[in-house]
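The next block holds one structure in the form of structure tokens; read it before the comments.
The values are calculated or read from the model by the stated rules, or taken from the named source; none is laboratory data. Bear in mind the structure is a predicted one, so any value in this text is a computation, not a measurement. Glycine gets a Cβ as well: all are built from the backbone with ideal geometry, and neighbour counts include every protein chain shown.
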């Protein structure tokens, strides 16, 4: 079982490789090789008997990407993308990395006869654009309002068609917002969803820039990795031709998140959150989807946390266990 | 008012140029120039004072396409595409012409600062893929089951995003199956919808390869040209960010089509249709959409025939008037 991880240095990429090294097997076969690729070289620990290698390069360079599939990996996790904010501020770079990069990867596979890897593709709920119904069902149309969402939606269409034509065996996952992200606070518009949990748990203050009644769709990093593994293992025939699925998540308000934090870590911890409304961030978030009914994904065996307390506990177990 | 027509030698392209020459104006301004481009050079008649030119070339050549927008046409009609059957049998060519060609056109516009033409884009109901509800509403998702439909759906996403970012002012039209197509019978799976009307009206036999209860979504060539004109003239602000619209049409069964033919042209004409079921064509057609509720397009002023007798009369007026 040879595995290629595109976007190996990102948060989910790193955690996925850790999980694969720990599991030692995928799709019932022992993992022999993992190659990780990203714009910067990824790192890993404790590879055991698995041959792990990491390289860095430019996904928009077709020759670079072609070389990555030369050894015909059995499973490819395509998590590589520049983020929403950068794709929005740099139009040309967004299309070059997120669209052309994806085309380079898919076309490198088409170029190899009789090669048909399982392709696990990270899409995003950013493929949806307001206005929305109260709950978004599996048959709701994709009308992204960002270039990032557009690029992800195009990747979904390519994945489904390339799969239908037998060039790959693809599965696209529309990931919820991943919370709690480890690391430093960042300035992404969605950053506060993680900041208001992670920082207080570390004894540090955090700013809440939106109203407590804002609802959003979330899953933990551990669930996101679980989606990747399940997407790699699921029988494609049971999925059928509609290969892009909205992943399960938890629809919860910011107020409920804070109440869960107080329950898990106490009132003193929750009191480290400072309410300071930011009109710009509030405006952006108002156009984000709030809630999905991820019926197909759930029926196909994908699962996520059903309470925010569980999401907090996952963060404590996975990130703060040395404390 | 300078106009560029991509796909000028196709059926709709030719009729659109004829209409533009006849109208002499678009968006309230006198037409001064029309340039038509296609893979083969288009023809035209009676240009009057309008400067009409035609060239042929390869839309997948970025330099060729760039030169076409050098004089910054005010309105671009992008009707150019290889058809569904060819895009399905030649995977590489389909993506090269239908996707890369569209990207070349859109990117040639982005490359010109302060240039923001109205882009009228011919999409298709092929962006939808079975299974469907009884009637397909405006918020139903796009899950194409052909490479052609995938390429058209990607063009829709690009058009909406490029419009949102201010690079163009786009309007995508999902065209119904156009009936009655003039010319010779062709072997396209959808050809019979036109053949069973056009051939008997010319005193010739025609084969019906599907059951009479097959329902499909249709509009006349004249309506398709009307969609193009209205799409060129409509105020983009009233459309909003969802720039791709399912065009209105008529949902009608083959049996109802034949009854209308009999009413317009008599029982002898209708008796020229021979029932001879073709399992392959029946199977393909079973996966096509049958009926839409094109609410947004209708509310925005797009209109089509509401009876098949009218569609037949349009054919007689526009194609058989010399007879």
Exercise. Restrict the check to the stretch A:227-244 and report whether at least one residue is within 14 Å of chain B (Cβ to nearest Cβ) and within 12 Å of the chain's Cα centre (by Cα).
Key: no
Quiz item: For the stretch B:141-154, how many residues are at the interface with chain A (Cβ under 7 Å from one of its Cβ atoms) and touching a strand residue (DSSP E or B) at 6+ places or on another chain (Cβ under 8 Å)?
Solution: 2
Practice problem: Evaluate the stretch B:71-88: report whether one residue or more is crowded, with 23+ Cβ neighbours inside 10 Å, within 14 Å of chain A (Cβ to nearest Cβ) and part of a helix (DSSP H, G or I). | Solution: yes
Quiz item: Is one or more of the residues making up the stretch B:108-126 closer than 19 Å to residue A:152 by Cα and touching a residue at least 40 places away in the same chain (Cβ under 8 Å)?
Solution: no
Self-check item: Failed condition for residue A:113, given (1) closer than 25 Å to residue B:100 by Cβ; (2) surrounded by fewer than 21 Cβ atoms within 10 Å (Cβ to Cβ); (3) away from chain B (no Cβ under 14 Å)
Solution: (3)
Quiz item: Quick one: residue B:191 ticks every box in (1) modelled with pLDDT under 95; (2) in contact with a strand residue (DSSP E or B) (Cβ under 6 Å, 6 or more places away or on another chain) bar one, so which box is it?
Solution: (2)
Quiz item: Of the conditions (1) in a helix (DSSP H, G or I); (2) more than 28 Å from residue B:177 (Cβ to Cβ), residue B:93 fails just one. Which one is it?
Solution: (2)
Quiz item: Within the group B:183, B:166, B:203, B:240, which residue is on the phi > 0 side of the Ramachandran plot and in the same structural domain as residue B:278 (by TED's automatic domain parsing)?
Solution: B:203
Quiz prompt | Residue selected from the stretch B:80-102 under the condition within 13 Å of residue B:122 (Cα to Cα) and under 15 Å from the mean Cα position of the chain (by Cα), by the criterion modelled with the lowest pLDDT | solution = B:83
Quiz item: Any idea which of B:175, B:157, B:171 is within 13 Å of another protein chain (Cβ to nearest Cβ), crowded, with 18+ Cβ neighbours inside 10 Å and under 25 Å from residue A:145 (Cα atoms)?
Solution: B:157
Quiz item: Quick one: which of B:98, B:107 is within 12 Å of chain A (Cβ to nearest Cβ), in contact with a helix residue (DSSP H, G or I) (Cβ under 9 Å, 6 or more places away or on another chain) and surrounded by 23 or more Cβ atoms within 10 Å (Cβ to Cβ)?
Solution: B:98
Practice problem: Being in a helix (DSSP H, G or I) and touching a strand residue (DSSP E or B) at 6+ places or on another chain (Cβ under 8 Å) is the filter here, so list the residues in the stretch B:301-310 that pass it. | Solution: B:308
Practice problem: Run down B:296, B:313 and say which single residue is in a helix (DSSP H, G or I), in contact with a strand residue (DSSP E or B) (Cβ under 8 Å, 6 or more places away or on another chain) and surrounded by fewer than 19 Cβ atoms within 10 Å (Cβ to Cβ). | Solution: B:296
Self-check item: Members of the stretch A:228-255 that are in contact (Cβ under 8 Å) with a residue 24 or more places away in the chain, in a helix (DSSP H, G or I) and out of contact with any helix residue (DSSP H, G or I) (no Cβ under 8 Å at 6 or more places or on another chain)
Solution: A:230, A:231, A:232, A:233, A:238, A:239, A:255
Quiz item: Out of the stretch A:40-59, which residues are outside any loop (DSSP other than H, G, I, E, B) and under 17 Å from residue A:82 (Cβ atoms)?
Solution: A:56
Quiz item: If you take the residues in the stretch B:116-132 that are under 22 Å from residue B:287 (Cα atoms) and in contact with a strand residue (DSSP E or B) (Cβ under 7 Å, 6 or more places away or on another chain), which one is farthest from the other protein chains (Cβ to nearest Cβ)?
Solution: B:122
Quiz prompt | Residue count, the stretch A:163-201 (criterion: in contact (Cβ under 8 Å) with a residue 60 or more places away in the chain and farther than 20 Å from residue A:126 by Cα) | solution = 13
Practice problem: Considering only the stretch A:1-23, state which residues are in contact (Cβ under 8 Å) with a residue 12 or more places away in the chain, surrounded by fewer than 20 Cβ atoms within 10 Å (Cβ to Cβ) and farther than 15 Å from residue A:80 by Cα. | Solution: A:1, A:2, A:18, A:19, A:21, A:23
Exercise. Having 3 or more residues that are over 15 Å from the mean Cα position of the chain (by Cα) is the bar; report the strands (runs of 3 or more DSSP E) wholly within the stretch A:115-218 that clear it.
Key: A:206-208
